Amino acid sequence: MTMSIAPLPDDAGDGAEIFEDLSDDDPTGFQARAVSVGNEFKHVAREWLGKAGATFVRDHHMVGSYHVEGLICGTNQRQFLVLAHGVLDDDNQAGLKRSDTVKKAGFDAIQIRRLRQLPILLLTSHLPAASSTVSSLLSDCAQDIFDVMAIHGNLTDFHRLRHYLHDDPFPGQLPAAWRDNPSTWTPELFDGDDAPIPFQVTYGATTEDPEDGVEKAY
């Protein structure tokens, strides 16, 4: 069965999701075009890395179940894992302007960081608008993504990458605007204090409580 959902209008808002056509029986449809466009961007992103002086220690590969564009280093021998999400065209949902793209990249980064302790660079074609909902989603990834860089006409990001690749001593994580808008939560009138999740019994196995020596189900 084919599922096709029309895109939302341009004024749907930066928090709106745009759903993809998930049909398996249309290899020349949306998915095929998306793969082609994504591959074009990744080729340009690799050229951008090369101009900054990056060397691929290992080409695209899997870290567990997650694909990375490669493992790179510069003259200072610092290594980075690279993720790439973007397009060559310019529109209001390109690159990391889409919330679902940020969520996917952020989830991948979290899982990759559980498997490897190397810093992750996320390359994109377009960053979300400052102070938007999507920019908050991206800022919330700052603990797991070392840096996010837009490769189109962005000398600030390019020079920051060169510092990472070549400065010795290594400069560490440099300031970047994408980290400046993390999510915040303000309690409302009827919001009480957060309470710990209560212990729940799941029958089928037992363990001994170290405090009283009594076996309890878990």
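Restricting attention to the stretch 64-89, the residues being closer than 22 Å to residue 106 by Cα and part of a loop (DSSP other than H, G, I, E, B) number 6.
Scanning the stretch 160-177 for residues that are outside any helix (DSSP H, G or I), surrounded by 15 or more Cβ atoms within 10 Å (Cβ to Cβ) and touching a residue at least 60 places away in the same chain (Cβ under 8 Å) yields one hit, 167.
The lone criterion from (1) more than 23 Å from residue 139 (Cα to Cα); (2) in contact with an Asp or Glu (Cβ under 9 Å, 6 or more places away or on another chain); (3) among the hydrophobic types (A, V, I, L, M, F, W, C); (4) buried (at least 20 other Cβ atoms within 10 Å of the Cβ) left unmet by residue 81 is number (1).
Output the residues belonging to the stretch 104-142 that are touching a strand residue (DSSP E or B) at 6+ places or on another chain (Cβ under 7 Å), of a type outside the set (S, T, N, Q) and not in a helix (DSSP H, G or I). Those that are touching a strand residue (DSSP E or B) at 6+ places or on another chain (Cβ under 7 Å), of a type outside the set (S, T, N, Q) and not in a helix (DSSP H, G or I): 116, 118, 119, 120, 121, 122, 123, 126, 127. The test for being under 15 Å from the mean Cα position of the chain (by Cα), of a type in the set (A, V, I, L, M) and under 24 Å from residue 114 (Cα atoms) holds for residue 68. Against the conditions (1) part of a helix (DSSP H, G or I); (2) farther than 29 Å from residue 54 by Cβ; (3) not aromatic (Phe, Trp, Tyr), residue 187 satisfies every one except (1). Taking the criterion of being touching a strand residue (DSSP E or B) at 6+ places or on another chain (Cβ under 9 Å) and either in a helix (DSSP H, G or I) or modelled with pLDDT under 95 (or both), the residues of the stretch 28-55 that qualify are 38, 41, 42, 45, 46, 48, 49, 50. Is there a residue in the stretch 189-198 that is at pLDDT 95 or above and surrounded by fewer than 16 Cβ atoms within 10 Å (Cβ to Cβ)? The answer is no; no qualifying residue exists. Put simply, of 209, 180, 144 the only residue that is more than 18 Å from residue 53 (Cα to Cα), modelled with pLDDT under 80 and surrounded by 10 or more Cβ atoms within 10 Å (Cβ to Cβ) is 209. Screening residue 68 against (1) farther than 22 Å from residue 164 by Cβ; (2) among the β-branched types (Val, Ile, Thr); (3) touching a strand residue (DSSP E or B) at 6+ places or on another chain (Cβ under 9 Å) leaves a single unmet condition, (1).
Among the residues of the stretch 171-188, those that are among the aliphatic types (A, V, I, L, M) and within 23 Å of residue 76 (Cβ to Cβ) comprise 174, 176. Within the stretch 56-71, the residues that satisfy the criterion of being farther than 20 Å from residue 178 by Cβ, surrounded by 14 or more Cβ atoms within 10 Å (Cβ to Cβ) and modelled with pLDDT of 95 or more are 56, 63, 66, 70, 71.
Restricting the search to the stretch 89-110, which residues are surrounded by fewer than 14 Cβ atoms within 10 Å (Cβ to Cβ) and either among the β-branched types (Val, Ile, Thr) or in contact (Cβ under 8 Å) with a residue 24 or more places away in the chain (or both)? Within the stretch 89-110, 89, 90, 92 meet the criteria.
The values are calculated or read from the model by the stated rules, or taken from the named source; none is laboratory data. This is a predicted model, so every value here is computed, not measured. Virtual Cβ from ideal backbone geometry, glycine too; neighbours counted across all protein chains shown.
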